[in-house]
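Here is the structure we will look at, set down as structure tokens.
The values are calculated or read from the model by the stated rules, or taken from the named source; none is laboratory data. Because the structure is predicted, anything quoted here is derived from the model rather than measured. Here the Cβ is made from the backbone with ideal geometry for all residues, glycine too, and neighbour counts use every protein chain on show. These area figures cover heavy atoms from the full protein model, side chains too; ligands, DNA and RNA do not enter into them. Shrake-Rupley method; radii C 1.70, N 1.55, O 1.52, S 1.80 Å.
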Amino acid sequence: MTKVGIDKISFYVPKHYLALDTLAEEKGIDPEKFARGIGQNKIAVPSHDEDVVTIAAEAASNIVAAEDADKIDTVLFATETGIDQSKAAGVYVHRLLDLPSRCRVVELKHACYSGTAALQLACGHVTRKPDRKVLVIASDISRYDLGSPAEATQGCGAVAMLVSADPGLMEIEAVSGCHSEDIMDFWRPNHRKTPLVDGKYSTIKYLQALSGAWDDFAENGGRAFNEMAQFCYHLPFTAMGVKAHRKLSSINEAQNDQGLIEPGMVYNREVGNCYAASLYLSLTSMLENVDADLSGRPVGLFSYGSGAVAEFFSAVVQPGYRDQLMEHQHRTLLSDRTSLSYQDYVEMWHAPDPHDGLSHITPHAARGRFRLTHIDEHKRHYAAA
Ligand code: HMG
């Protein structure tokens, strides 16, 4: 049977960030609470001319080479930072990247899980049509109320993946385990810009969902815990991944080896929660931070979306995978950033959301090629530099 999976992967983060030491100082909190307690150093902050469309286009433009663009017949855009109740954000990206018009484009939502839904649907499509490719994009801005306990777990980022037959990076294996349950741990009613969250409860439900998804994975004939070379978890903050791996190790009566998760946390610690993109940022981090050759080795992945849907699945790293990585570009994106003062962060947190239908021009602040230039008659206008 043809192998199907991720051929290329690329992420994008805006240039501005808030150091959590700055937040701790402002709030009079011990900085160790953030650095060790939740395991985060920085949160990426979008400027007013950036949104899920512009950062998605940045991430995807790196992997949509001319020879791939012709074969892409589907764009799946996963986000919970919707910019429109009707039009799919991916359609803007489709135009900005000049993708062929004979293409379907759709937006998917279920909290942080939707990136995995998109990836699995893409694999199903390519299995039926192995000569086609699917562009999967997960793009989100995590913004909680200022002053709330969740404020330190904000972040922002986009990951784009090209799904194809005979992939260069990872084969996504067919066996997976799911767990769904109707709960209120984190949600955002239509009238709110920020989510409501029952923080402690959400961490408990995350771990229960991990257990449920793992049981289903095992019942479906999934690989054994000890076979996995690395594990990547959905990381709302990296200490959640530490808790998750402790739990999964204990379920499997295995040693809790931090070396199996640490490479997958390096980038997330510097970016913060990027919801649907978070697991795939962790996957990129893992691939680019494990020194040993992972060719042929299976990796365990756990996706969690509040509300709640979870899935545990496995992927096999393909020989020659290092040639597909964009490691230098990714490291430069993370190192070449600007630290915000607390006051500048608050100003950027209040992204304009005009309701009057008049013309609103957004000042140029984004570092990338793609920008939200203005909003006019309730229409968003994007441009590529
Ligand atoms: P909190 O009340 O600020 O934090 O909320 P805390 O007091 O529980 O402290 C956090 C940890 O830091 C604790 O460790 C403390 O002991 C430790 P733990 O008990 O967890 O092991 N600590 C310190 N350590 C060292 N030095 C110190 C120190 N002080 C304290 N001085 C909470 C934390 C995560 C609840 C909050 O940030 C929150 O509500 N976040 C948002 C919700 C969230 O991220 N939930 C995660 C699971 S749900 C999920 O992943 C889905 C999601 O991504 C959304 C989606 O699916 O769309 C959120």
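By how many nm would the segment from ARG188 to GLN255 lengthen if fully extended, with 0.36 nm per residue of separation less the alpha-carbon distance?
20.3 nm is the gain from fully extending ARG188 to GLN255.
Each DSSP beta bridge with both residues in the chain is either parallel or antiparallel, and the antiparallel ones are about 75%.
The phi torsions of the stretch 19-35, fed into the Karplus equation with coefficients 6.51, -1.76 and 1.60 and a -60° offset, translate into couplings of 6, 5, 5, 5, 5, 4, 4, 4, 8, x, 10, 4, x, 5, 4, 7, 5 Hz, rounded to whole numbers, with Gly and Pro shown as x. Near LYS247, which aspartates and glutamates are there with a Cα under 19 Å away, not counting those fewer than 8 places off in the same chain? Reachable aspartates and glutamates: ASP215, ASP216, GLU219, GLU227, ASP257, GLU262, GLU311. Available extension along the chain between GLU26 and HIS328 is 105.3 nm, counting 0.36 nm per residue and deducting the alpha carbon span. Solvent-accessible area of CYS274, all protein chains in place: 0 Å² (probe radius 1.4 Å, heavy atoms, ligands and nucleic acids excluded). Compute the Rg/Rh shape ratio of the stretch 212-359: radius of gyration over Kirkwood radius, all on alpha-carbon atoms. Result for the stretch 212-359 is an Rg/Rh of 1.06.
Radius of gyration over Kirkwood radius for the chain, both on Cα atoms: the Rg/Rh ratio is 0.94. Once you reduce the stretch 333-348 and the stretch 154-221 to the center of their Cα atoms, the two points are 28 Å from each other. Solvent-accessible area per residue in the chain equals 41 Å², computed with a 1.4 angstrom probe and all protein chains kept. Using a probe of 1.4 angstrom, how much of the accessible area of the stretch 322-385 is carbon and sulfur, in percent? Answer for the stretch 322-385 is 53 percent, counting heavy atoms of protein chains only.
Using a Förster distance of 22 angstrom, determine the FRET efficiency expected from the C-beta separation of SER335 and ALA69, and round it to 0.05.
0.15
Among the trypsin sites (Lys or Arg not before Pro) in the stretch 178-221, those located in a DSSP loop and surrounded by at most 12 other Cβ atoms within 10 Å of their own Cβ are ARG192, LYS193. For LYS87, a cut-off of 14 angstrom between C-alpha atoms picks up these aspartates and glutamates, skipping any fewer than 8 places away in its own chain: GLU107.
Taking N as the residue count of the stretch 1-122, its C-alpha radius of gyration divided by 2.2 N^0.38 Å amounts to 1.31. Considering only alpha-carbon pairs that sit under 8 angstrom and 6 or more positions apart, the relative contact order computed for the chain is 25 percent. Available extension along the chain between ASP166 and VAL106 is 19.2 nm, counting 0.36 nm per residue and deducting the alpha carbon span.
Stokes-Einstein diffusion of the stretch 213-290 at 4 °C, 1.567 mPa s viscosity, Kirkwood radius from Cα pairs, rounded to a whole number: 101 µm²/s.
Pairs exceeding 18 Å between alpha-carbon atoms, taken from LYS109/LYS379; LYS8/LYS133; LYS27/LYS200: LYS109/LYS379; LYS27/LYS200. Surface composition of the stretch 86-196: carbon and sulfur atoms hold 51% of the protein heavy-atom accessible area at a 1.4 Å probe.
Sites count as exposed loop sites when they are GluC sites (Glu not before Pro), lie in a DSSP loop, and have at most 13 other Cβ atoms within 10 angstrom; the longest stretch of the chain without one is 1-180.
Between HIS360 and ASP145, the C-beta separation translates, for a Förster distance of 30 Å, into a calculated FRET efficiency of about 0.80.
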